[in-house]
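Please treat every number below as a calculation from the coordinates, not as lab data. Small disclaimer: the values here were computed from a predicted structure and weren't measured. A quick note on method: Cβ atoms are made from the backbone with ideal geometry, for glycine too, and the neighbour counts reach across all protein chains shown.
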Amino acid sequence: MGIMGGTFDPIHIGHLILAEEAKNYFGLDKIIFIPTGRPPHKHWDNMAEPIKRYEMTLLATTDNPDFIVSSIEIDREGTTYTIDTIKYLIQKYKDTEFYFITGADSIVEISNWKNSKELLSLCKFITAKRAVVSDNKLEKTISEIEKKLGVSIDILPIPYIDISSTNIRNKIKKNESIKYYLPDSVRDYIFKNKLYID
Ligand code: NAP
């Protein structure tokens with residue numbers, strides 16, 4: 001089973017293509033999207049409310065029967081760490097192999113995540129190259145982690161999709177079109193709820 005964790009503020013086609021490509025390339029049966037509650041690496045005050053990011057994720061994934069959305073992190077009190085989520089999933093879905101899907105930026109930061117050594121031993125990590133991280137830096141980081149911890153991290157061969165949630169929020173602020181950056185249903189939700197305008 002694939003796990004697509006994200007702040008999803010908002011979710012966009014980069015996230016969706018990443019999840020779909022990982023599913024097909026690694027033959028995963030389902031991908032579980034997990035919007036973060038209060039992640040340790042971002043300022044919560046500046047983010048859309050967890051329930052709104054969860055609802056946008058539901059809208060974005062509803063037409064794909066292999067995509068599931070979980071509220072486990074938005075329902076959890078306090079700071080949400082990936083290690084707690086993985087432990088919960090391992091308990092819930094016994095005898096299931098988990099693949100955590102990320103972009104390159106997360107992988108170069110992963111040694112700073114809570115209990116990263118244990119986390120990397122509990123599930124496999126799949127990463128996509130990103131324009132924001134040089135291929136050299138990504139490959140060097142992966143090779144260091146693999147050597148140090150005896151785990152393997154797979155690089156998913158997908159084209160660069162140079163879209164980010166930050167970029168979309170900035171476009172909204174500037175009243176620029178975000179059509180095709182994300183599903184129409186998510187775009188409508190953002191406008192209806194007046195998200196990201198200030
Ligand atoms: P995000 O910004 O919503 O992005 C979700 C994932 O999609 C990221 O891995 C991101 O890659 C990738 N992505 C975004 N745009 C993409 C594109 N155009 N092409 C390819 N990939 C793209 O979420 P996030 O804030 O990075 O958080 C990701 C996960 O890491 C969450 O589950 C969060 O809880 C977890 N996390 C955990 C800890 C911890 O436990 N201590 C600390 C930090 C993060 P990039 O990584 O390259 O942006």
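General observations
- Total residues in segment 73-91 satisfying the condition of being under 24 Å from Ile190 (Cβ atoms) and touching a helix residue (DSSP H, G or I) at 6+ places or on another chain (Cβ under 8 Å): the figure is 3.
- Filtered residues of segment 121-154 (kept if outside any helix (DSSP H, G or I), over 19 Å from Ile86 (Cβ atoms) and within 12 Å of the ligand (Cβ to nearest atom)): Ala128, Lys129, Arg130, Ala131, Val132, Val133
- Some residue of segment 14-21 being part of a loop (DSSP other than H, G, I, E, B) and buried (at least 19 other Cβ atoms within 10 Å of the Cβ): no
- Residue that is farthest from Ser121 (Cα to Cα) [pool: residues in segment 69-92 that are of a type in the set (Val, Ile, Thr) and not in a helix (DSSP H, G or I)]: Val69
- Top-ranked residue in segment 108-120 [being near the ligand (Cβ under 7 Å from one of its atoms) and in contact with a Ser or Thr (Cβ under 8 Å, 6 or more places away or on another chain); ranked as nearest to Ala22 (Cα to Cα)]: Trp113
- Qualifying residue in segment 151-162 (condition: more than 16 Å from the chain's Cα centre (by Cα), among the small types (Gly, Ala, Ser) and more than 24 Å from Ile17 (Cα to Cα)): no
- For Ser106: the one exception among (1) under 18 Å from Thr36 (Cα atoms); (2) touching a helix residue (DSSP H, G or I) at 6+ places or on another chain (Cβ under 7 Å); (3) not in a loop (DSSP other than H, G, I, E, B): (2)
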